[in-house]
Amino acid sequence: MVESKNTKVDLTANATWFRALSTYGKVMVGDKAFEFYNERNISDYVQIPWQEVTYVVADVYFHGRYIPRFEIRTRASGKFIFTTRDNKKTLRAIRQYVSAEHMRQALGLWQKIKRRIRHN
């Protein structure tokens with residue numbers, strides 16, 4: 001069994017971790033780390049300490065009314081894409097531990113198109 005790194009938990013929510021196959025489980029936002037645990041397979045988990053997080057990037061639609069997913073980028077381990085039942089609430093809990101300079105909004109469709117045209 002895996003032991004949590006957190007001493008205080010601010011938020012627990014049902015979540016999906018997107019990788020090769022979607023994995024369903026629980027997300028815990030606490031004072032030491034962001035943690036995801038699979039409900040069925042105990043050995044399928046990820047613990048991301050706040051010191052490792054470089055950016056949190058959220059897909060935002062309709063001026064913030066709809067946030068389908070967010071991505072946590074780390075120094076060494078790469079990117080992790082998650083969604084929860086209430087992504088706004090989860091991002092607000094993460095904002096307590098990740099500074100505002102490291103919270104980003106993902107590029108929209110038109111921004112991606114303009115960037116691609118400009119660089120070609």
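The values are calculated or read from the model by the stated rules, or taken from the named source; none is laboratory data. Computed from a predicted model, the values in this text were never measured in an experiment. Backbone-built Cβ (ideal geometry, glycine too); neighbour counts: all protein chains shown.
Assess whether Ala76 counts as being at pLDDT 95 or above, on the phi < 0 side of the Ramachandran plot and among the hydrophobic types (A, V, I, L, M, F, W, C).
Details: at pLDDT 95 or above: no; on the phi < 0 side of the Ramachandran plot: yes; among the hydrophobic types (A, V, I, L, M, F, W, C): yes.
Against the criterion (at pLDDT 95 or above, on the phi < 0 side of the Ramachandran plot and among the hydrophobic types (A, V, I, L, M, F, W, C)), Ala76 does not qualify.
Mind listing whichever residues of the range 49-99 are touching a strand residue (DSSP E or B) at 6+ places or on another chain (Cβ under 6 Å), touching a residue at least 60 places away in the same chain (Cβ under 8 Å) and part of a loop (DSSP other than H, G, I, E, B)?
Scanning the range 49-99 gives a single hit, Arg85.
Quick check: anything in the range 41-49 over 19 Å from Leu11 (Cβ atoms) and under 15 Å from the mean Cα position of the chain (by Cα)?
Among the residues of the range 41-49, not one is over 19 Å from Leu11 (Cβ atoms) and under 15 Å from the mean Cα position of the chain (by Cα), which makes the answer no.
Let me confirm something: among Lys5, Lys32, which residue is more than 14 Å from the chain's Cα centre (by Cα) and at pLDDT below 90?
Residue meeting the stated conditions: Lys5.
Return yes or no: is Val46 crowded, with 16+ Cβ neighbours inside 10 Å, aliphatic (A, V, I, L, M), in contact (Cβ under 8 Å) with a residue 40 or more places away in the chain and not in a loop (DSSP other than H, G, I, E, B)? Steps first, answer last, please.
On the way: crowded, with 16+ Cβ neighbours inside 10 Å: yes; aliphatic (A, V, I, L, M): yes; in contact (Cβ under 8 Å) with a residue 40 or more places away in the chain: no; not in a loop (DSSP other than H, G, I, E, B): yes.
Judged against the criteria, Val46 is not a match.
Being surrounded by 12 or more Cβ atoms within 10 Å (Cβ to Cβ), over 16 Å from Phe18 (Cα atoms) and under 11 Å from the mean Cα position of the chain (by Cα), is that true of even one residue in the range 60-74?
Among the residues of the range 60-74, not one is surrounded by 12 or more Cβ atoms within 10 Å (Cβ to Cβ), over 16 Å from Phe18 (Cα atoms) and under 11 Å from the mean Cα position of the chain (by Cα), which makes the answer no.
Out of the residues in the range 15-39 that are assigned to a loop (DSSP other than H, G, I, E, B) and in contact (Cβ under 8 Å) with a residue 12 or more places away in the chain, which is nearest to Gly78 (Cα to Cα)? So that I can check it myself, show each step before the final result.
Of the residues in the range 15-39, the ones assigned to a loop (DSSP other than H, G, I, E, B) are 19-22, 31-32, 39.
Next, from what is left, pick out any that are in contact (Cβ under 8 Å) with a residue 12 or more places away in the chain: 19, 31-32, 39.
Values: Arg19: 12, Asp31: 21, Lys32: 19, Glu39: 23 Å.
Per the stated criteria, the residue is Arg19.
Name the residues in the range 109-120 that are surrounded by 11 or more Cβ atoms within 10 Å (Cβ to Cβ) and over 19 Å from Arg69 (Cα atoms), would you?
Residues satisfying the conditions are Ile113, Lys114, Arg115.
Does Ala106 satisfy the criteria of being over 18 Å from Ala15 (Cβ atoms) and loosely packed, with under 11 Cβ neighbours inside 10 Å? Even if it seems obvious, please write down each step before you answer.
Working: over 18 Å from Ala15 (Cβ atoms): yes; loosely packed, with under 11 Cβ neighbours inside 10 Å: no.
Against the criterion (over 18 Å from Ala15 (Cβ atoms) and loosely packed, with under 11 Cβ neighbours inside 10 Å), Ala106 does not qualify.
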